[in-house]
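Asker: Sharing a structure here in structure tokens format.
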Amino acid sequence: MHYLVLILCLLFCSDVLFADGFASPIGPGKKEKENYLGIVLGFGQNIQNGTSLVNCEHCQFTDGLGFGYTFGLVYERQIALTEDNTFWANMYYGAMFNLSNANVSSSYRELTNHNFEEYDIWFPVLYRQTNEISLMSVGVMPYISYTPMKYLFGRLGFNINYFFRNNTRHTTELLDRRTTLPNGEVVNIYVPAANNPNRRLYSMLLQDSEIADINKLQLGITPSLGSNIYFSNNFIFSPSFSYYIPFSKLVQDSGLSISTWRLNLEFKYNMVSTERIYKGKQKPKQPIRRTNTR
């Protein structure tokens with residue numbers, strides 16, 4: 001994956017170095033297509049779709065949410081020059097290389113019959129079941145972008161992500177720690193530790209492992225809408241909102257997938273210089289007429 005990113009970066013750089021329109025004495029003054037290179041910082045939310053399953057037979061987790069972030073590099077190039085075609089001059093193509101997380105957490109409460117052996121009775125006790133999914137991916141998103149106005153743009157990208165790290169963690173927590181039995185006696189509720197019966201536990205870790213049958217390669221699309229703020233002719237700040245729609249299932253059997261939305265802060269630099277080697281002919285200066293005054 002690292003070698004693939006390096007090769008793609010070299011290809012983009014070579015495209016910049018040999019871009020058409022370079023000013024020279026033979027072809028002076030020809031305008032070059034805009035080429036941008038920048039960084040992206042994105043923060044938002046991860047949204048669980050489908051059901052997450054764990055080793056517990058009857059435990060099913062839905063509607064998980066989590067804080068998400070994305071860091072990346074972006075390259076963008078203008079398709080046509082303004083003099084050639086106005087519509088295509090507002091079109092850009094590019095790619096974003098990113099590192100992103102897709103963590104989600106979901107929980108629910110359930111009543112479970114607890115056996116009080118000392119009294120030989122079963123009594124309902126309230127538990128909270130929690131599942132935390134941790135995912136980290138690297139990916140590339142080729143995209144096209146359209147700028148109908150100078151300060152507004154829309155973008156559509158195709159995502160190819162690979163999860164190089166994944167984990168699921170299932171815990172159960174005892175919410176009822178004291179209850180009244182049918183005979184009127186108030187008792188404390190806890191789970192004795194396996195290695196020390198005198199130690200009282202109120203939460204237990206039931207599973208901490210990789211996700212079973214995970215599909216590590218994920219495909220999807222990301223539409224975006226943003227604005228351009230020009231700090232100079234070459235430096236642009238582009239805040240945007242994007243929403244990732246997955247095509248692939250993270251776990252096929254459960255229908256589990258994770259979509260995300262991000263508020264992105266994009267900083268881009270136009271690598272095409274605004275200065276030209278050739279300068280147009282200067283208009284001849286008008287002679288100064290003098291009039292004699294007496």
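The values are calculated or read from the model by the stated rules, or taken from the named source; none is laboratory data. On a predicted model such as this, the values are computed, not experimentally measured, just so you know. Note that each Cβ is placed from the backbone with ideal geometry, even for glycine, and that neighbours are counted across all protein chains shown. In case anyone asks, the SASA skips ligands and DNA or RNA and just uses the protein heavy atoms, side chains included. Shrake-Rupley method; radii C 1.70, N 1.55, O 1.52, S 1.80 Å.
Asker: Just to confirm, what accessible area per residue do you get for region 82-146 at 1.4 Å probe, in whole Å²?
Answerer: Solvent-accessible surface per residue comes out at 52 Å².
Asker: Also: Can you work out the base-10 log of I(q)/I(0) for region 67-110 at q = 0.24, 0.32, 0.34 1/Å, using the Debye formula on its C-alpha atoms alone?
Answerer: -0.83, -1.03, -1.08
Asker: Something else about it: How much FRET efficiency would the formula 1/(1 + (r/R0)^6) give for Tyr108 and Phe158, where r is the Cβ-Cβ distance and R0 is 30 Å, rounded to 0.05?
Answerer: For R0 = 30 Å, the calculated efficiency reads 0.25.
Asker: Let me ask something else about it. Which three semi-axes in whole Å describe the equivalent ellipsoid of region 56-153, each the square root of 5 times a Cα gyration tensor eigenvalue, listed largest first?
Answerer: They are 56, 13, 9 Å, listed largest first.
Asker: Tell me, what % of the accessible area of region 63-176 is carbon and sulfur with a 1.4 angstrom probe?
Answerer: 58
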